[in-house]
Amino acid sequence: MSSRRIAIAEIARPHGVRGELRLKVYNQETTLVSKGRALFLTKQRAAGAQPDARRVVITSVRETPAALLVRLEGIDDRDAAAAIQGCQLEIDRDELPDLPDGEFYACDVEGARVELVSGDVIGEVEERQELEHRAAVRQRVAALAARTNAAAREAEDQPRHPLLRAQQHG
């Protein structure tokens with residue numbers, strides 16, 4: 001069974017003339033961008049179309065005060081680097097390290113139940129989006145009006161934001 005792919009960085013732009021790339025890393029503390037690691041280089045296509053992806057290997061990683069710079073196998077000059085600007089570097093979800101109990105990856109929030117502090121389920125997370133200064137989730141709210149109204153009344157007595165618990169569907 002193959003797992004879904006998770007974007008860990010975007011190629012921001014070429015750096016220099018020898019194919020080095022400046023990355024926009026989505027998690028500044030990641031250890032997943034390392035020499036010898038195989039990743040998927042993914043170019044997004046038109047809406048609804050499958051993205052174009054190929055396997056690449058990181059041949060060097062260099063940190064500077066302002067950026068993380070990498071070289072990829074087969075990207076040897078500025079033109080080749082410019083051709084992949086805007087592409088994402090992805091890994092299989094199964095390659096992410098295990099987390100301690102009670103912690104979860106943001107990519108796993110989609111499909112999670114949305115519950116009030118009382119434990120009443122009021123919906124499900126449909127989508128997680130990165131906005132300029134924060135992450136947001138769109139939820140599908142339960143269709144039963146009576147339950148929703150009761151949950152809304154209870155929510156008035158609760159803290160402003162419902163508790164979000166990430167639980168996998170089984």
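Points to keep in mind about this one:
- Solvent-accessible surface of protein heavy atoms, probed at 1.4 angstrom with all chains present, puts ASP52, ASP79, ASP120 in the order ASP79, ASP52, ASP120, largest first.
- Counted charge near GLU90, where neighbours are those whose Cβ lies closer than 14 Å (Asp, Glu -1; Lys, Arg +1): +3
- If you wrap segment 57-113 in the convex hull of its Cα atoms and look at it from every side, the mean projected area works out to 6.5 nm².
- Approximating the spin labels as points 7 Å out from Cα along Cα→Cβ, the TYR26-to-GLU110 distance works out to 1.0 nm.
- The gain in end-to-end length when the ASP101 to GLU124 segment is fully stretched comes to 6.1 nm, 0.36 nm per residue minus the alpha carbon separation.
The values are calculated or read from the model by the stated rules, or taken from the named source; none is laboratory data. All values reported here derive from a predicted model rather than from experimental measurement. FYI the Cβ positions are ideal-geometry reconstructions off the backbone, even for glycines, and counts take in every protein chain you see. Areas reflect the complete protein model, heavy atoms only, side chains present, ligands, DNA and RNA absent. Shrake-Rupley method; radii C 1.70, N 1.55, O 1.52, S 1.80 Å.
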